[in-house]
Amino acid sequence: MADFKVVNKPIRKIDAMALVTGKPVYTDDVTPSDCLVVKVMHSPYAHAMINEIDTEIAKKVPGIEAIYTYKDVPGRRFTMAGQTYPEPSPYDRLILDQRLRFVGDGVAIVAGETEKAVDKALKLIKVKYEVLEPVLDFRTAKDNKVLVHPEESWEALCPVGADNKRNLCATDLSEHGDVDGVMAECDVIVENTYHTKANQQAMMETFRTYTTMDPYGRLHVIGSTQIVFHVRRILANALDIPKSKIRVTKPRIGGGFGAKQTCVTEIFPAFVTWKTGKAAKLIYTREESQTASTPRHEMEIKVRIGATKEGIIRVLDVYTLSNTGSYGEHGPTTVGLSGQKSISLYNNNLEAYRFGYDVVYTNVQSAGAYRGYGATQGIFAMESAVNELASKLNMDPVIIREKNMVKEGQVMPSYHDETNSSCALDRCMTRAKEMFDWDNKPLAVDLGNGKIRSVGVAMAMQSSGISGVDVGSATIKLNDEGFYALSIAAADMGTGCDTILAQMAAECLECDFDDIIVYGADSDSSPYDSGSYASSTTYVTGKAVEKACLQLKEKMCKIAGEMLSCSTEDLVFQGKKISKVDGSEEITLMDIATKSMCGNTEATQVTVSHSSKVSPPPFMVGMVEIEVDKETGATTLLDYVAVVDCGTVINTNLARVQTEGGLAQGIGMALYEDVTYNSVGRIYENSFMQYKIPTRLDVGKMRVEFESSYEHTGPFGAKSIGEIVINTPSPAIAHAIYNATGVWHRELPITPEKVMMGILKNEN
Amino acid sequence: MQIKLWLNGKMVTEDVAADMLLIDFLRAHGCFSVKRGCETANCGLCTVFVEDKPVLSCSMLVARVDGKKITTLEGLQEEAEDFGAFIADQGAEQCGFCNPGLIMNAIAMFRENPNPTDEEIIQYLAGNLCRCSGYEGQLRGIKAFLSFKKEKGGVC
Ligand code: FES
Ligand code: FES
């Protein structure tokens, strides 16, 4: 690997000290509290029509400014999904609708001077509902007689196979090679169905937005969002106003994980401010965040593997049923990853594959983007099926992977025919084996004290941005005395993108890290960026930063050339100075900066946009050691080894912590995190009391290493890391639990009850 | 009702509603380090000291702290910086939203038990949730801070 000075180092985050000393930096800290308090009245029914709604009494509560119902909002449908236009997600929302589609859907918006007044008004709104039959089971949703979106104004902008008259948000089938023919020739076929539940992103800062009118009569939206430019479009669609009337900025964000890639709270206070001209703020409670936002898509995935008795995987057949809930946010796009990322992992000997899916509407909370974005679900299914194959063939699950895993240089038909240009998956496996001592550990050993110790393995891939779609941009500007200002619209949600992008700029400009200041995410002034999602920031925006810095260097050399009366070819850029190649003369960066501000005609500011035609996957291997208690069914994590190939690691600390954080979320998904509904569609897990995310007692020991590859299309050889790290815990833990108990758990989470019932069933 | 308390060393006398929560009172007084991550006493983000003992301010009425001494991270800036730097050096303050509550509890732990084992650290801080870091980096930071203090021969 190249010898880097700033990149590939454990540099402290730029905002670290402000965060650890508790400075007021988040939305609710930096916006005034003397604004209108906005709250949403949520539907108590999974499916209902509002026959009558009376707000007159509620409006009389002292301090109430306005109450809005479906009668007051624009009739133009939109999607809340933060995606590039034209969005693949259907336009199926109104700010408030007469038809309510899940328990939690918006019935009315109340704005008032105090929280107390608003709470009182909420209780005084009288609604007569016509309760309708809901579709609650996603397996029966397609072609159900009950339609979630019967309305004529429903619209799909992209050809994703959507049909609201069939409760279909998307459908597709793709095939490569002779699937049935190859399957028929296989010695062994493993076929199973796996079920992953909705999971809450559960970032610690709930959804929150402040809105105000600026002196130019424009709506200024300040909120915790990953996608300032998409929010601008979504609000313009929802409010039916010109985009030029909206400005979106973000302060520090208290976590996103994809949740804030959807416009969950922005619309309501924006509507209030637009109507009243008054500043407004909406802070979702934890309960609202758990019941009226957009968690991970629940999926049921059927995997069929055809292999030889030597464990050569020849054919894969995957069908995914995805539950998008009441609205289609990210429905058509998440599902694709469940097949692409899982099938492509086993590319080595693959002769044929089939991948089909249906994404259906139901009357439950809408799903949305969550770290891993469908790959997580698909990889749980595929990796579990491969482990089942290994056990059926009585083979080492590591060896079966080594035989079949995708290799560097291979073309992946299941991954848009992209070439696997940088891939250290094989080395990740070798290293993980070493660290874990896989070859010397039995799959399971009964400790004789009521506990069984066992191991499990899984691997994963993701992508780096959306190829041909995502746009990342950077503006870099030379300032007085030679420091630089970097302006971006990628949103740092805690992962440290402000820092890593500054690291890249410093590396390129051969200066100190402290010589770069970063300003982020203002739709008025930042260069266009699709936003922080799809694991795109390091790879796509990072490349834009690199290119912008190169161009700025050229411009500075031009100024130096004029000052030294020579051509730029005779000059070399050396960070703090620019010298003649022969060493005879030089000029300092400070002089160039000074010159740029006096009688200069060469702009010392450059903006570059970047988009990539490819989306090189990062890879990883996870190995887990657990203990299962035979008396209680409880699973205890002992050790988790993760080896990741994200190309060049830009910040070694931040990549490590992101990996550990992703593993912890994956552990939660595997063992505890569940979203369940009662018979009328109300969510049980509406707080942290019921929705259990892992605590520090639950995660065991995690050991993370990197096996770098060099991705030539990425900045400094980098690929992404944000999402892939959540993908291995579920299948690895399910594998270890099988090794301990002899029972495959094909539905997540694998709670102690399920483990216990499995053990008991096995014994009988 | 009128209450009187000491907030980060300053006396505050005020009329408050009987149902006002301590967290809302503190934020209204500019103590923005105090965060609300849940409403159910599950996340630990709202941790502050009442008479030097950590409590969850989302689950305590301000009326109950009448006459008491309240400390938030705003009142412990030096300690927050000293210790926080070690968390920062691990990159374990990701979104940072959980950090004030964590640091309050960690400071309480250092005072109670200047030499905790890994197990004791994890136990003591179990009530402080973090969704970003996976906890390992926080543990590394805490241990690095403790050994730094030990080397210096000081007590925390
Ligand atoms: S806000 Fe979660 S414990 Fe107080
Ligand atoms: S750093 Fe984000 S919750 Fe802990």
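The values are calculated or read from the model by the stated rules, or taken from the named source; none is laboratory data. In this text, all values refer to a predicted model and were calculated from it rather than measured experimentally. Using ideal geometry, Cβ is built from the backbone for each residue, glycine included, and neighbour counts are taken over all protein chains shown. Just so you know, the surface numbers come from the protein's heavy atoms only, side chains and all, with ligands and any DNA or RNA stripped out. Shrake-Rupley method; radii C 1.70, N 1.55, O 1.52, S 1.80 Å.
What is the mean number of Cβ atoms from other protein chains located within 10 Å of the Cβ atom of each residue in peptide B:97-109, rounded to a whole number?
3
Evaluate E = 1/(1 + (r/R0)^6) for A:Asp439 and A:Val188, where r is the Cβ-Cβ distance and R0 equals 25 Å; express this FRET efficiency to the nearest 0.05. Calculated transfer efficiency: 0.55.
Against chain B, whose longest principal axis is taken from its Cα atoms, helix B:99-112 shows a tilt of about 80°. Remark: spin-label model distance A:Asp34-B:Lys152 equals 4.2 nm, labels positioned 7 Å along the Cα→Cβ axis. The alpha-carbon of A:Lys754 sits under 20 angstrom from the alpha-carbons of these lysines, leaving out residues fewer than 8 places away in its chain: A:Lys197, A:Lys451, A:Lys630, A:Lys692.
Return the tail of the calculated pair distribution for segment A:555-641, meaning the percent of Cα-Cα pairs more than 22 Å apart. Summing the P(r) of segment A:555-641 above 22 Å gives 57 percent of all pairs.
Here segment A:439-555 is treated as a sphere whose radius is the Kirkwood value from Cα pairs; by Stokes-Einstein at 20 °C and 1.002 mPa s it diffuses with a coefficient of 130 µm²/s.
What a 1.4 Å probe finds exposed on chain A is 50% carbon and sulfur by accessible area, rounded to a whole percent. Take the Cβ atoms of A:Leu173 and A:Glu763, set R0 to 41 Å, and the FRET efficiency comes out at 0.45. Relative contact order of chain B, taken over Cα pairs closer than 8 Å and 6 or more residues apart, is 24 percent. Surface analysis of segment B:2-74 yields an accessible area of 42 Å² per residue, using protein heavy atoms and a 1.4 Å probe.
The residues of chain A expose on average 33 square angstrom of accessible surface per residue, using a 1.4 Å probe on protein heavy atoms. For a straight C-alpha distance cut-off of 24 angstrom, the lysines reachable from A:Lys59 (same-chain residues fewer than eight places away being disregarded) are A:Lys39, A:Lys71, A:Lys116, A:Lys120, A:Lys123, A:Lys126, A:Lys128, A:Lys275, A:Lys278, A:Lys281. Here chain A is described by how far its Cα atoms reach on the three principal axes: 89, 72, 50 Å, from widest to narrowest. The residues A:Arg427, A:Arg371, sorted by heavy-atom accessible surface at 1.4 Å with ligands and nucleic acids left out, run A:Arg427, A:Arg371 from largest to smallest. The orientation-averaged projected area of the convex hull spanned by the Cα atoms of segment B:2-74 comes to 4.2 nm². So which of A:Lys23/B:Lys69; A:Lys23/A:Lys477; A:Lys341/A:Lys719; A:Lys543/A:Lys595; A:Lys5/A:Lys341; A:Lys23/A:Lys701 end up more than 24 Å apart, counting from Cα to Cα? Where the Cα-Cα span goes over 24 Å, the pairs concerned are A:Lys23/A:Lys477; A:Lys543/A:Lys595; A:Lys5/A:Lys341; A:Lys23/A:Lys701. Pairing chains B and A buries close to 4100 square angstrom of accessible surface in total, based on protein heavy atoms and a 1.4 angstrom probe. So the label point goes 7 Å from the Cα of A:Lys754 along Cα→C-beta, right? Which residues of segment A:363-383 then have their backbone N under 16 Å from it? A:376-383, by backbone N distance to the label point.
Taking R0 as 22 Å, what FRET efficiency do you get between B:Gln123 and A:Glu747 from their Cβ-Cβ distance, rounded to the nearest 0.05?
My answer for the efficiency is 0.10.
When the Cα positions of A:Tyr672, A:Val641, B:Leu61 are compared along the charge dipole of the protein assembly as shown, B:Leu61 comes out farthest toward the positive end, with charges on each C-beta of Lys, Arg, Asp and Glu.
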